[in-house]
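Here the structure comes first, spelled out in C-alpha coordinates, and everything after it is commentary.
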Amino acid sequence: MYNSLTRIQNVFGFFTTVAFVLSAFIAVTDFYNPRTTKGSIAAQNVQVVKGRPHYYSSKKEEYAIIKFSLDADISSLFHWNTKSVFVYVTAEWPSSGNSTNTAVIWDSIITNPSADHLLNIGPASLKKLKKSAAGKSIDKSRGLLKLKNQKPKYQITHPSGKIAEVEDVTLKLHYNVQPWVGLLTWDMPEELGLWKPVEGGVSPAFTLPRLKSKDDKARNK
(Lines give C-alpha, C1' and ligand atoms only; values in the text may rest on other atoms or scores of the structure.)
Protein backbone atom coordinates (compact mmCIF):
# COMPACT_ATOMS: atom_id res chain seq x y z
CA MET A 1 0.00 0.00 0.00
CA TYR A 2 1.25 3.49 -0.89
CA ASN A 3 1.03 6.12 1.77
CA SER A 4 -0.14 9.68 1.07
CA LEU A 5 3.41 11.08 0.79
CA THR A 6 4.38 8.53 -1.86
CA ARG A 7 1.26 9.27 -3.89
CA ILE A 8 1.94 13.01 -3.74
CA GLN A 9 5.51 12.42 -4.91
CA ASN A 10 4.29 10.29 -7.82
CA VAL A 11 1.77 12.92 -8.88
CA PHE A 12 4.39 15.67 -8.63
CA GLY A 13 6.89 13.60 -10.64
CA PHE A 14 4.31 12.96 -13.34
CA PHE A 15 3.38 16.65 -13.44
CA THR A 16 7.02 17.80 -13.80
CA THR A 17 7.62 15.24 -16.55
CA VAL A 18 4.60 16.46 -18.50
CA ALA A 19 5.63 20.10 -17.96
CA PHE A 20 9.17 19.38 -19.18
CA VAL A 21 7.97 17.58 -22.31
CA LEU A 22 5.47 20.35 -23.08
CA SER A 23 8.11 23.04 -22.57
CA ALA A 24 10.53 21.21 -24.88
CA PHE A 25 7.80 20.95 -27.52
CA ILE A 26 7.04 24.67 -27.25
CA ALA A 27 10.75 25.53 -27.54
CA VAL A 28 11.11 23.40 -30.69
CA THR A 29 8.18 25.16 -32.38
CA ASP A 30 10.34 28.31 -32.55
CA PHE A 31 12.26 26.72 -35.42
CA TYR A 32 9.04 26.52 -37.45
CA ASN A 33 8.46 30.29 -37.23
CA PRO A 34 10.29 32.02 -40.11
CA ARG A 35 12.68 34.84 -39.28
CA THR A 36 12.95 37.22 -42.21
CA THR A 37 14.34 40.42 -40.73
CA LYS A 38 15.66 43.30 -42.79
CA GLY A 39 16.84 46.83 -42.29
CA SER A 40 18.92 49.72 -43.51
CA ILE A 41 21.14 51.82 -41.31
CA ALA A 42 23.42 54.79 -41.93
CA ALA A 43 25.53 57.15 -39.85
CA GLN A 44 24.14 60.69 -39.90
CA ASN A 45 26.34 62.87 -37.74
CA VAL A 46 29.70 61.71 -36.38
CA GLN A 47 31.82 63.65 -33.90
CA VAL A 48 35.00 62.94 -31.98
CA VAL A 49 35.61 64.99 -28.86
CA LYS A 50 37.96 64.86 -25.91
CA GLY A 51 36.68 64.77 -22.36
CA ARG A 52 35.25 62.39 -19.79
CA PRO A 53 32.79 60.12 -21.63
CA HIS A 54 31.26 58.89 -18.34
CA TYR A 55 30.73 60.54 -14.98
CA TYR A 56 32.94 57.89 -13.40
CA SER A 57 35.82 58.38 -15.87
CA SER A 58 39.07 59.19 -14.10
CA LYS A 59 40.74 60.96 -17.03
CA LYS A 60 39.99 62.75 -20.27
CA GLU A 61 40.09 60.71 -23.46
CA GLU A 62 38.85 60.78 -27.01
CA TYR A 63 35.36 59.42 -27.61
CA ALA A 64 33.04 59.27 -30.60
CA ILE A 65 29.38 60.28 -30.75
CA ILE A 66 27.56 58.69 -33.68
CA LYS A 67 24.03 59.69 -34.63
CA PHE A 68 22.30 57.34 -37.05
CA SER A 69 19.12 56.60 -38.97
CA LEU A 70 17.52 53.16 -38.91
CA ASP A 71 14.64 51.70 -40.91
CA ALA A 72 14.08 48.04 -39.97
CA ASP A 73 11.40 45.37 -40.01
CA ILE A 74 11.83 42.68 -37.33
CA SER A 75 8.12 41.86 -37.02
CA SER A 76 8.74 38.21 -37.95
CA LEU A 77 10.44 37.77 -34.57
CA PHE A 78 7.13 38.29 -32.75
CA HIS A 79 4.97 35.21 -32.30
CA TRP A 80 3.12 33.45 -29.50
CA ASN A 81 6.33 32.29 -27.74
CA THR A 82 8.10 35.66 -27.90
CA LYS A 83 8.39 37.45 -24.58
CA SER A 84 10.57 40.35 -25.73
CA VAL A 85 13.15 41.30 -28.33
CA PHE A 86 16.35 43.12 -27.43
CA VAL A 87 17.48 45.24 -30.39
CA TYR A 88 20.87 46.90 -30.48
CA VAL A 89 23.22 48.71 -32.86
CA THR A 90 26.97 48.24 -32.80
CA ALA A 91 29.85 50.16 -34.30
CA GLU A 92 32.59 47.89 -35.60
CA TRP A 93 36.03 48.56 -37.05
CA PRO A 94 39.09 46.38 -37.76
CA SER A 95 41.85 46.06 -35.21
CA SER A 96 45.39 44.77 -35.45
CA GLY A 97 45.61 41.24 -36.77
CA ASN A 98 42.31 39.62 -37.67
CA SER A 99 40.35 40.93 -34.68
CA THR A 100 37.49 43.43 -34.74
CA ASN A 101 36.60 46.18 -32.29
CA THR A 102 32.90 46.20 -31.41
CA ALA A 103 30.99 48.73 -29.31
CA VAL A 104 27.25 49.02 -28.64
CA ILE A 105 25.98 52.55 -29.27
CA TRP A 106 22.20 52.07 -28.90
CA ASP A 107 19.74 49.46 -27.63
CA SER A 108 16.07 48.99 -26.88
CA ILE A 109 13.74 46.31 -25.45
CA ILE A 110 10.52 45.65 -27.37
CA THR A 111 7.95 43.51 -25.56
CA ASN A 112 5.16 41.37 -26.94
CA PRO A 113 1.70 42.68 -25.91
CA SER A 114 1.31 39.83 -23.42
CA ALA A 115 4.48 40.96 -21.64
CA ASP A 116 3.73 44.68 -21.35
CA HIS A 117 3.15 44.36 -17.62
CA LEU A 118 6.84 43.46 -17.22
CA LEU A 119 8.02 46.83 -18.50
CA ASN A 120 9.23 49.36 -15.99
CA ILE A 121 7.19 52.22 -17.45
CA GLY A 122 4.61 54.67 -16.20
CA PRO A 123 0.83 54.13 -16.24
CA ALA A 124 0.28 56.44 -19.23
CA SER A 125 2.84 54.63 -21.41
CA LEU A 126 1.50 51.24 -20.33
CA LYS A 127 -2.08 52.31 -21.18
CA LYS A 128 -0.91 53.42 -24.64
CA LEU A 129 0.80 50.08 -25.24
CA LYS A 130 -2.27 48.11 -24.18
CA LYS A 131 -4.46 50.22 -26.46
CA SER A 132 -2.17 49.54 -29.43
CA ALA A 133 -2.42 45.81 -28.76
CA ALA A 134 -6.18 45.66 -28.19
CA GLY A 135 -7.78 42.83 -30.14
CA LYS A 136 -4.44 41.65 -31.52
CA SER A 137 -2.69 38.47 -30.45
CA ILE A 138 0.58 39.78 -31.88
CA ASP A 139 1.18 43.44 -32.63
CA LYS A 140 3.43 43.34 -35.69
CA SER A 141 3.82 47.11 -35.73
CA ARG A 142 6.15 46.87 -32.74
CA GLY A 143 8.68 45.24 -35.02
CA LEU A 144 8.82 48.24 -37.34
CA LEU A 145 11.65 50.58 -36.34
CA LYS A 146 11.97 54.00 -37.92
CA LEU A 147 14.62 56.21 -36.32
CA LYS A 148 16.00 59.38 -37.86
CA ASN A 149 19.11 61.17 -36.62
CA GLN A 150 18.90 59.04 -33.48
CA LYS A 151 21.21 60.03 -30.64
CA PRO A 152 23.39 57.18 -29.35
CA LYS A 153 22.91 55.94 -25.80
CA TYR A 154 26.59 55.13 -25.42
CA GLN A 155 29.77 56.81 -26.64
CA ILE A 156 32.63 54.89 -28.24
CA THR A 157 35.97 54.82 -26.49
CA HIS A 158 39.15 52.79 -26.81
CA PRO A 159 41.57 51.48 -24.14
CA SER A 160 44.34 53.53 -25.75
CA GLY A 161 42.33 56.72 -25.23
CA LYS A 162 42.66 57.49 -28.97
CA ILE A 163 39.86 56.94 -31.46
CA ALA A 164 39.98 59.88 -33.90
CA GLU A 165 40.49 59.15 -37.61
CA VAL A 166 39.69 55.44 -37.27
CA GLU A 167 38.85 54.02 -40.71
CA ASP A 168 36.37 51.41 -42.01
CA VAL A 169 33.79 51.88 -39.26
CA THR A 170 30.41 50.27 -39.91
CA LEU A 171 27.14 50.23 -37.99
CA LYS A 172 25.32 46.91 -37.65
CA LEU A 173 21.84 45.96 -36.51
CA HIS A 174 21.51 43.02 -34.10
CA TYR A 175 18.75 41.38 -32.08
CA ASN A 176 18.27 38.91 -29.25
CA VAL A 177 14.96 37.07 -28.81
CA GLN A 178 13.82 36.13 -25.31
CA PRO A 179 11.08 33.47 -25.48
CA TRP A 180 8.55 32.56 -22.80
CA VAL A 181 9.92 29.02 -22.98
CA GLY A 182 13.22 28.00 -24.56
CA LEU A 183 16.67 29.37 -25.24
CA LEU A 184 17.80 32.91 -25.93
CA THR A 185 18.65 33.28 -29.61
CA TRP A 186 20.59 35.92 -31.50
CA ASP A 187 20.64 37.11 -35.09
CA MET A 188 22.04 34.40 -37.34
CA PRO A 189 25.23 35.03 -39.37
CA GLU A 190 24.12 32.29 -41.77
CA GLU A 191 20.83 30.71 -42.83
CA LEU A 192 19.47 28.06 -40.46
CA GLY A 193 16.30 26.42 -41.76
CA LEU A 194 13.55 29.05 -41.76
CA TRP A 195 15.79 31.50 -39.92
CA LYS A 196 17.43 33.92 -42.32
CA PRO A 197 20.29 36.36 -41.61
CA VAL A 198 19.35 40.03 -41.33
CA GLU A 199 18.91 41.38 -44.86
CA GLY A 200 20.95 44.55 -45.03
CA GLY A 201 21.39 45.93 -41.53
CA VAL A 202 24.95 47.14 -42.22
CA SER A 203 25.87 50.75 -42.96
CA PRO A 204 28.37 51.93 -45.56
CA ALA A 205 31.88 52.17 -44.10
CA PHE A 206 32.98 55.59 -42.86
CA THR A 207 35.93 57.21 -41.11
CA LEU A 208 35.75 58.88 -37.73
CA PRO A 209 36.73 62.57 -38.01
CA ARG A 210 39.87 63.98 -36.52
CA LEU A 211 39.77 65.67 -33.16
CA LYS A 212 39.05 69.37 -33.49
CA SER A 213 41.91 71.62 -32.41
CA LYS A 214 41.72 75.01 -30.73
CA ASP A 215 42.46 76.66 -34.10
CA ASP A 216 39.46 74.88 -35.67
CA LYS A 217 37.21 76.11 -32.89
CA ALA A 218 38.50 79.65 -33.27
CA ARG A 219 37.85 79.64 -37.03
CA ASN A 220 34.29 78.43 -36.48
CA LYS A 221 33.49 81.38 -34.24
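The values are calculated or read from the model by the stated rules, or taken from the named source; none is laboratory data. Fair warning: this is a prediction, and the values are worked out from it, not measured in the lab. As a convention, Cβ positions derive from the backbone with ideal geometry for all residues, glycine included, and neighbour counts pool all protein chains shown. Accessible surface areas use protein heavy atoms only, side chains included; no ligands, DNA or RNA. Shrake-Rupley method; radii C 1.70, N 1.55, O 1.52, S 1.80 Å.
For segment 1-103, the list of chymotrypsin sites (Phe, Trp or Tyr not before Pro) that fall in a loop by DSSP and count at most 12 other C-beta atoms within 10 angstrom reads TYR2, TYR55, TYR56.
Working from label points 7 Å from Cα in the Cα-to-Cβ sense, the VAL104 to SER141 distance is 2.8 nm. Of SER75, SER95, the order by accessible heavy-atom surface (1.4 Å probe, DNA, RNA and ligands excluded), from most exposed downward, is SER95, SER75. For the peptides 151-157, 164-170, the ranking by mean Cβ contacts within 10 Å, running from highest to lowest, is 151-157, 164-170. The Cα center of segment 21-73 and the Cα center of segment 138-180 differ in position by 3 Å. On the beta carbon distance between TRP80 and LYS162, with R0 = 45 Å, the FRET formula returns roughly 0.40. First measure r as the distance between the Cβ atoms of LEU5 and SER95, then evaluate 1/(1 + (r/R0)^6) with R0 = 45 Å and state the FRET efficiency to the nearest 0.05. Working from the Cβ atoms, E equals 0.15. Measuring against 20 Å, Cα to Cα, the residue pairs LYS50/LYS212; LYS50/LYS146; LYS148/LYS196; LYS38/LYS153; LYS148/LYS172; LYS151/LYS172 contain LYS50/LYS146; LYS148/LYS196; LYS38/LYS153 as the ones spanning a longer distance. Say R0 is 30 Å: what FRET efficiency, to the nearest 0.05, do GLU190 and LEU211 get from their beta-carbon distance? The calculated FRET efficiency here is 0.20.
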